[in-house]
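Each remark here refers to the structure printed beneath this line.
The values are calculated or read from the model by the stated rules, or taken from the named source; none is laboratory data. For clarity, every value in this text was computed on a predicted model and none was experimentally measured. A quick note on method: Cβ atoms are made from the backbone with ideal geometry, for glycine too, and the neighbour counts reach across all protein chains shown.
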Amino acid sequence: MEDKKPFLTIDKQIQRLKDREMVFQDEDDARTFLLVHNYYSVVNGYKGMFLDPDRCNETVEVYRPGTDFYHLEMFYLFDRTLRRQTLHQLLDVEESMRTATIYAFCEKHRDKYAYLDPSCYCSSKDYRSKKDYSRNLIRLLSTLQGVSENRQHKKNIGHYLRKYGHVPLWVMSKCLTFGVMSNFYELQQPDVKQKATEYLSETVGHEMKPSQLRSAYKVLSSFRNICAHEERLYCARTGKNDENSFREMLDFTAMVSTDIDMRGYAQRLSRSIELLSSPLLPDYVSEEVANAMNVDLDYLRKFM
């Protein structure tokens, strides 16, 4: 059977791009860049911005006139910077959301194994999606059981098991992903959700409702995964109907961040986005990125 995606050397990768009318001012630089960053990640991930819609079809790709490989480099590095700036911010809010939620649970449920007791979680009538209730509760309890038995082989968990014979939830919580914490929060009893929301509101200085914190968990955990897995961020969409763009992520991040932290994040984003207006890039890039992110410099200023 013919290999439709054969291995290509770096030189053949560059020739393929030339055949598609991409310009190279510095082939040595392009060769090094592709060797470091991977053709699939750079070209397949970011070429869409630079393809000529009037000359492309299902089998033919042609780049817009004047497209230089350097444009692709700049755009790839812009989105990588965007991911790293965003991941840094999301790691901070993940910690504060986790702490408030775990504290609220442990404050009410004092038994050392309460987190493994189904009765310490909400009933199906208080759960948003009744058809998913049993499956999600079982999944959560299985995850917590695995961490409590140190199936992940974490030194701190092993230390508590050896010394105390059990692992408190506030210790093992560091082993829970943002996605697991999102499920954990959604399965809390209403009064625990309310308390967690109050504690987080006090921490960040913003009033919020339990329903808003639930949405923040859902949206931010998804975007955190996008950043951590090095996926495209500027045009990312999450949610069942792709309703959450970078703008929704930004708004929820602001809700669960202090004003000072959010101001710094917005300032860093602004500097990155301003680089897209460089004369070294085609004029259409900054406009198309702003449309994809649903965010422009004017929108960022409200956080600064």
Single residue of Glu21, Glu107 found to be surrounded by fewer than 13 Cβ atoms within 10 Å (Cβ to Cβ), of a type in the set (Asp, Glu) and either in contact (Cβ under 8 Å) with a residue 60 or more places away in the chain or in contact with a Phe, Trp or Tyr (Cβ under 9 Å, 6 or more places away or on another chain) (or both)
Glu107
Can you confirm whether Leu77 is of a type in the set (A, V, I, L, M, F, W, C) and under 30 Å from Lys240 (Cβ atoms)?
no
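Per-residue answers, yes or no, for (1) in a loop (DSSP other than H, G, I, E, B); (2) within 22 Å of the chain's Cα centre (by Cα); (3) surrounded by 13 or more Cβ atoms within 10 Å (Cβ to Cβ):
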| position | (1), (2), (3) |
| --- | --- |
| Ile14 | no, no, yes |
| Thr32 | no, no, no |
| Asp79 | no, yes, yes |
| Gln85 | no, yes, yes |
| Val93 | no, yes, yes |
Cβ pairs under 7 Å, 6+ apart, first in the stretch 67-90 and farther than 21 Å from Leu35 by Cα and among the β-branched types (Val, Ile, Thr), second modelled with pLDDT of 95 or more and outside any helix (DSSP H, G or I):
Thr86/Leu233
Among residues of the stretch 48-69, those that are surrounded by 18 or more Cβ atoms within 10 Å (Cβ to Cβ) and part of a helix (DSSP H, G or I), counted
3
Over the stretch 137-184, the set of residues among the polar types (S, T, N, Q) and either under 20 Å from Leu213 (Cα atoms) or not assigned by TED's automatic domain parsing to the domain that holds Asp111 (or both) is Ser173, Thr177, Ser182, Asn183
Criterion first (in a helix (DSSP H, G or I) and among the hydroxyl-bearing types (Ser, Thr, Tyr)) does Ser286 satisfy it?
yes
